[in-house]
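Engineer: One structure follows; several queries about it will come next.
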Amino acid sequence: MTSGAAEVPHQAGGGEVTSTYPSPAPSAAASFVPPVSGGHSLIDLLWRNSEAAMAVLDGDRVVRHANPAAAALLNDLGIGVGQRMQRFGRQVRPVRSGPDQHPAVDESVESAPVEKVLGGATLSRELVDVSLGPNSGPRRMLLSGQPIELDDGTAGALMIWTDITDSWQSAERSRNELARLARLLEGASDYAIIMLDGCGKVHSWSAAAERMQGYSHEEAIGLPYASFFDAADQASGLPGKILADAQALGKIHVEGKRVRQDGSVFWAHASISAMRDEHGRLQGYVKVTHDVSEQRALQQASQELTELLEERVAERTVELEQKNADLAAVNAELEAFSYSVSHDLRAPLRAMSGFARIMTEDYGEQMPAEALHYLAKVTENAEHMGNLIDALLSFSRMQRQQMQSRAIDMAALARECWNALEPAREGRQIEFVVAPLPPAYGDRRLIQQVWMNLLDNAIKYTGKKESARIEVRAEVAEQDEPARPGPDPLPVPDTVMYLVKDNGAGFDMRYVAKLGQVFQRLHHNEEFTGTGIGLALSQRIVQRHGGQLSAVGEPGVGATMGFTLPSPGGDLR
């Protein structure tokens, strides 16, 4: 090295790296280099403390000198001063930015920057990628190169790399964010995005704002915010108040009528945010507007419909109150009728029956047999009429009777009713079978009447059977359980069906629709006596409990009567 250069030792990568800088020769230009305290020149300080990596290469690309930043960079690559930079040259890749913003690497020119400088060309801030190894990502750098003459008179190169990776990544993130925001604004077709300056005038106008409010971008720029309000709102100072609230609160939401360029009015919901710089100074406003005219119309229609429904409900309430009053009057009349039937009609029946009995007893010996037969018919029909009146009164009272529901032991209740009907089966041998029955929930007195009617019918219609059999059992029908074919009534899902089966006279299924109708009977009174009220009464009781009465039968084979009831707590098992 010539006497015109100074050497400063620098340690890197386990070996001694010599950081060398040329000493300024005495010349007119040297007077412009200010002296630095400590015996070091300004060039020495720049060489040592520069963040840029600077290295001097000879014609064979051997590193002659490197400043500390370059020494650290070369050390990461396993290259020291005095070593050839062939590997490093392959890892410096020129970058060409394409439309997709990704680097385009040309493998054929990996070491071209160094070759260019050694060939006499000057490079200024060429963008390159430098790979520091397999465990580190590429670093983006600006490369500059200056051809120089070395101490031995041969050509060399001063290469300078400036690491701009962090700033490049930050700029790349900003570009991506701007691109994303641009796509967002373009895709927000239902939201008009408007930027206002600090004075409340339009500074930016999106495509959706053009479609929503009718102003083109050129027409909208510079318009005051108040231009989009009707005359009444402008006169009241509403636009200024909205911006003042946004400035004070930072962000507000408003909803109201807005005016398009053609004068048409629409209903808008807007979010307005105040923008400030890092010192808190107001820079402008961002306004996002959504046309809610359709939603507003639906809301108005809903409100009108609600008011109409409330009016109809009020009218219906008045009608129901009137019907309740009418029903109360009917019930009062029915009570009066029941009283009349109970007292006024019974007196003539008792008189007819009594006089017929007196005539039979006092004048029976003087009357022909045919007359006595007629008197017996009068007495019999009077008693039957009395029974009909009693049954009708029971039916009427049941309709008005208040229900008192509770859990019912159905097996115990069925046996209790069977024992109470002992007079009806006096002198007969009837096989009575009661299977385990699920409990029920209802009015025990009314359900007792149902069991009494069904068991009494079974006893009556097996009267002509020498070996009579009556069976009581129950079936549970789940919701997803298919209907089972058989001689019993079809089960109703989610209910318990209680069945009374007999082997008596049965009935023709063609007339099953008559069951449950008042005074409707499937057998003549001469064959089996009855009033035709029992099943009708049972039907009403079961219906009041939310169930239904049904039956199947076959003449001469028997019948099965069933009624359904909800199970306590909904647990059918």
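The values are calculated or read from the model by the stated rules, or taken from the named source; none is laboratory data. If you're wondering where the values come from, they're calculated on a predicted model, not measured in any experiment. Every residue, glycine as well, gets a Cβ built from its backbone with ideal geometry; the counts of neighbours run over all protein chains shown. With ligands, DNA and RNA removed, areas are computed over all heavy atoms of the protein, side chains included. Shrake-Rupley method; radii C 1.70, N 1.55, O 1.52, S 1.80 Å.
Engineer: What number of residues in region 144-167 are out of contact with any Gly (no Cβ under 9 Å at 6 or more places or on another chain) and at negative phi?
Structural biologist: So the count comes out to 10.
Engineer: Checking the conditions here, which among Glu315, Glu319, Glu310, Glu333 is open to solvent by 100 Å² or more (accessible area, probe 1.4 Å), farther than 30 Å from Asp390 by Cβ, in a helix (DSSP H, G or I) and without any contact (Cβ under 8 Å) to a residue 60 or more places away in the chain?
Structural biologist: Result of the check over Glu315, Glu319, Glu310, Glu333: Glu310.
Engineer: Select from region 260-286 the residues that are at pLDDT below 90 and assigned to a strand (DSSP E or B) and write down the one among them that is farthest from Ala226 (Cα to Cα).
Structural biologist: Residue satisfying both the conditions and the ranking: Arg276.
Engineer: What's the number of the only condition in (1) modelled with pLDDT of 90 or more; (2) over 24 Å from Met509 (Cα atoms); (3) surrounded by 13 or more Cβ atoms within 10 Å (Cβ to Cβ) that Val472 fails to meet?
Structural biologist: (2)
Engineer: Let me ask something else about it. Please specify each residue of region 234-247 satisfying the condition of being loosely packed, with under 15 Cβ neighbours inside 10 Å and under 19 Å from Val286 (Cβ atoms).
Structural biologist: Gly240, Lys241, Ala244
Engineer: Could you list, in sequence order, all residues of region 285-299 that are open to solvent by less than 90 Å² (accessible area, probe 1.4 Å) and farther than 16 Å from Ala270 by Cα?
Structural biologist: If the condition is that a residue be open to solvent by less than 90 Å² (accessible area, probe 1.4 Å) and farther than 16 Å from Ala270 by Cα, then Ala297 is the only one that fits.
Engineer: Can you tell me how many residues in region 43-62 are under 23 Å from Leu142 (Cβ atoms) and either free of Cβ contacts under 8 Å to residues at least 12 places away in the same chain or loosely packed, with under 15 Cβ neighbours inside 10 Å (or both)?
Structural biologist: Total satisfying the criteria: 4.
Engineer: Specify which of the listed residues (Ser204, Ser264) is under 19 Å from Val292 (Cβ atoms) and not acidic (Asp, Glu).
Structural biologist: Testing whether each residue is under 19 Å from Val292 (Cβ atoms) and not acidic (Asp, Glu) leaves just Ser264.
Engineer: Give me the pairs, please: first residue somewhere in region 447-471 and under 22 Å from Met497 (Cα atoms), second residue anywhere and outside any strand (DSSP E or B) and basic (Lys, Arg), beta-carbon distance under 9 Å, and either six or more positions apart or on two chains.
Structural biologist: Hits for this filter: Ile459/Arg425; Ile459/Arg428.
Engineer: Identify all residues within region 189-233 that are crowded, with 19+ Cβ neighbours inside 10 Å and in a helix (DSSP H, G or I); write none if there are none.
Structural biologist: Ala208, Ala209, Met212, Gln213, Ala220, Tyr225, Phe228
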